[in-house]
1. What is the one condition in (1) within 24 Å of M315 (Cα to Cα); (2) surrounded by 15 or more Cβ atoms within 10 Å (Cβ to Cβ) that A195 does not satisfy?
2. Kindly list, by first and then second residue, each pair from a residue in segment 123-140 that is closer than 16 Å to A327 by Cα to a residue that is among the aromatic types (F, W, Y) and crowded, with 18+ Cβ neighbours inside 10 Å, limited to pairs with Cβ atoms under 7 Å and residues at least 6 apart or on different chains.
3. If you check A137, A176, A170, which single one turns out to be loosely packed, with under 13 Cβ neighbours inside 10 Å and closer than 17 Å to A335 by Cα?
4. Which of the residues spanning segment 48-95 are closer than 19 Å to A194 by Cα and of a type outside the set (D, E, K, R)?
5. Might you let me know whether segment 93-108 holds any residue that is buried (at least 21 other Cβ atoms within 10 Å of the Cβ), in contact with a Leu (Cβ under 6 Å, 6 or more places away or on another chain) and not in a loop (DSSP other than H, G, I, E, B)?
6. When the residues of segment 51-66 are narrowed to those that are touching an Asp or Glu at 6+ places or on another chain (Cβ under 8 Å) and either within 15 Å of A32 (Cα to Cα) or without any contact (Cβ under 8 Å) to a residue 40 or more places away in the chain (or both), which ends up surrounded by the fewest Cβ atoms within 10 Å (Cβ to Cβ)?
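Bear in mind these aren't lab numbers, they're just calculated from the coordinates by the rules spelled out. Keep in mind it's a predicted model, so treat the numbers as computed, not measured. Glycine also receives a Cβ, built like all others from the backbone with ideal geometry; neighbour counts cover every protein chain displayed.
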Amino acid sequence: MTISAFDHPFLSGLLGDEEIAPYFSAQADIRAMLGFEAALARAEAIHGLISQEAARHIGAVCAAFEPDILHLKMATSRDGVVVAELVKQLRTAVGSQHSDCVHLGATSQDVIDTSLMMRLKAITFVLSNRLSLLSNAFDRLDTKFGKQTLMGRTRMQAAIAITVSDRLRAWETPLAGYRDRLTQQRFPLQFGGAAGTLDKLHSNALPIRATLAQELGLADAPQWQSQRGLIADFANLLSLITGSLGKIGQDIALLAQAGDEIELAGGGGSSAMAHKQNPVAAETLVALARFNATQVSGAHQSLVHEQERSGAAWMLEWLILPQIVMATAASLRLALELVGNIRRIGAIIHNP
């Protein structure tokens, strides 16, 4: 077993997500960081801080630049962040004529946080679309089976008869709210300079920040380098999504246990009992919901940023947030698979 189950050679078949994983690759992170540097040069040229020629040259170099990854790794072990070495290599590639115009007024956290926001914004479109597809799948089930009956159960005991529509409504209702929250989520630029004051840009600071945000397609906001509520809030939203999907998985697993209220295609096999079809996707939804519920507490620990910048709390986010996102992506992928494999749900009503 590797350190992470999400990119494990075979566990990733269950827990990974091939569409989302590339956003957390080193290549995607570096490309986004270089995108920040190119956009910063353009914004500063627009406001006369550097020349248009310098901005064009920096942009062209950023578009083609391939840093030395081994040196980035070695420098990160020393500096705690990758940006100092990345900027050093980029300045060398840009050349002495315009090297002083690279990264002007910015700091490492600006680059790293903005890279994260750019990638999370793209990821959110994917997650939102999956929520829409899942709602559509529930609607199809409702059209086909909604009038059939299920035994309603409270506290794990038979209560009264309900319709399949009643159960589907309970499953689907939270998803629309989550989808709306995802589509309304703001992803702000991080741009504060050394201590959050943009001291090197003087009167140009706010105009450059606004232009930079526009260049990158992010929200313009005051620096938030020591205020991490938006990260904790986003992690919490993802945990709510996986929690609701976990409830669906738990319900379907229990329906499958009863044996006569649901029919599923494509269950998992057993090495000991050939007759079994285990509800693997349903079980995994429960596990991922519980995983995110534990991880979100760590995201809240990261709210404690001392003074103007924390190394420790910031680093904790690097460990936690990608896993929360990957667990959410895998949950939505599995939920779509599971709901698509429902061949029958409820008892057929025979009208006299």
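1. The failed condition is (2).
2. I123/Y23; L131/Y178
3. Step by step, each of A137, A176, A170 is checked, and only A176 is loosely packed, with under 13 Cβ neighbours inside 10 Å and closer than 17 Å to A335 by Cα.
4. Selection gives L49, T76, G80, V81, V82, V83, A84, L86, V87.
5. no
6. Here the answer is C62.
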